[in-house]
Amino acid sequence: TWCKGFTKMSIVVRIVMFKTSNGSNNVACNDLHQHIKEMVQEAKIPKNHNEAKNTVRDLGLHYKKIHVCANDCMLY
C-alpha cells in the first residue's frame, strides 16, 4: 500500500468533503490533488477535482444544490 490506512476512495472522499465543508473552489482542490501526488508519488488519486467528483458520482453519491436564501445557504 502507498499510504497505510488510506485507500484511493477514502482520499477522494476526504478531498471532496474538504472542498464542500470549507467552501473551497475547484482551483484550490486541484492544487490539493497536485500536492498530494507530489508528496506521495505512488498515490493513485484523480489528477483534479472534476475526476474526483466523477469518481464519487459513479458510486451514485451525486447531489443537487438548491439555493434557498440570499445568504448563500443551501440544501443538499
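With r defined as the distance between the Cβ atoms of GLU42 and PHE18 and R0 fixed at 22 Å, what FRET efficiency is calculated, to the nearest 0.05? Intermediate results must be reported in sequence, preceding the final value.
Values: r = 21 Å, r/R0 = 0.96.
Computed FRET efficiency for GLU42 and PHE18: 0.55.
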Computed E for THR7/ALA28 - FRET, C-beta separation, R0 22 angstrom, nearest 0.05 = 0.45
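Each value in this text was obtained by applying a stated rule to the coordinates, not by laboratory testing. Every value quoted in this text rests on a predicted model; they were computed, and no experiment measured them. Don't worry about glycine lacking a Cβ; one is built from the backbone with ideal geometry, like all the others, and counts go over all protein chains shown.
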